[in-house]
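Sharing a structure here in structure tokens format.
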Amino acid sequence: MSARVGVVLFPGSNCEHDVVEAVEALGGRADILWHGDPSLHGVDAVVVPGGFAYGDYLRPGAIARFSPVMSAVREFADAGGPVVGICNGFQVLTEAGLLPGALQKNRGLKFLCRTVELRVESTNSVLTSAVEAGAVLRVPINHFEGNYTCSPEILAELRDEDRVILRYVDNPNGSIDDIAGICSAGRNVVGLMPHPERASHPLLGSTDGLPLLRSLLDSAERADSTASSGALRPSPG
């Protein structure tokens, strides 16, 4: 059976259907998860997509972190389930404490919408396991607050634990250490600012996002297999 990926929908999300289409094009199943529902309904992986959750009225992700669905996402992540936050989703995951650091306004205070080059720094995560280390991927960005920042102590930890999984070849936004994506200590929670779902078809100008999404589906299929074998897993609700 195909892995099921739950895509969280907040008021203001605008990339959920892009993720659904890209996942299904790879043979996976994708379901929209409503932000007010405290259950993940037995999905094998979760994507928190891009957009402007709650209009970013306080700061990006700061209100979304309190949505009922995020308690379920946290439980799922704590049990080892694959969770990926893309752009605004990355912001939500940092606000929720599922990933360290924060996203601040871009260097130069300009909104950025263009394709950038990413270097794969680690294949040890749920988003990069099917990609070759050192590979350079062309993937779009679309953000105003994508400048990743963290304390020197956190940065040292990310480096020492091989948790910087993607770096910009040419840093577009001022992110510390050229960071484009990081993972949790458990390797199962990933946040990145670029949009792999927007690099999933030749007509979009690049298919370099597909290996990243394939990695997520592979991770989801492994999680499903683990659950089927009787290992501990959050209740589907």
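Among the residues of the stretch 63-102, write down those that are more than 25 Å from residue 175 (Cβ to Cβ), buried (at least 22 other Cβ atoms within 10 Å of the Cβ) and in contact (Cβ under 8 Å) with a residue 60 or more places away in the chain.
Hits for the stretch 63-102 are 69, 72, 76, 81.
Do we find a residue being assigned to a helix (DSSP H, G or I), closer than 20 Å to residue 114 by Cα and at pLDDT 95 or above anywhere in the stretch 214-231?
Here is the first cut: in the stretch 214-231, the ones assigned to a helix (DSSP H, G or I) are 214-228.
Among the residues that remain, those that are also closer than 20 Å to residue 114 by Cα are: none.
Checked the stretch 214-231: no residue is assigned to a helix (DSSP H, G or I), closer than 20 Å to residue 114 by Cα and at pLDDT 95 or above.
The values are calculated or read from the model by the stated rules, or taken from the named source; none is laboratory data. Everything quoted here is computed from the prediction, not taken from an experiment. Positions of Cβ are backbone-derived with ideal geometry, glycine not excepted, and every protein chain shown enters the neighbour counts.
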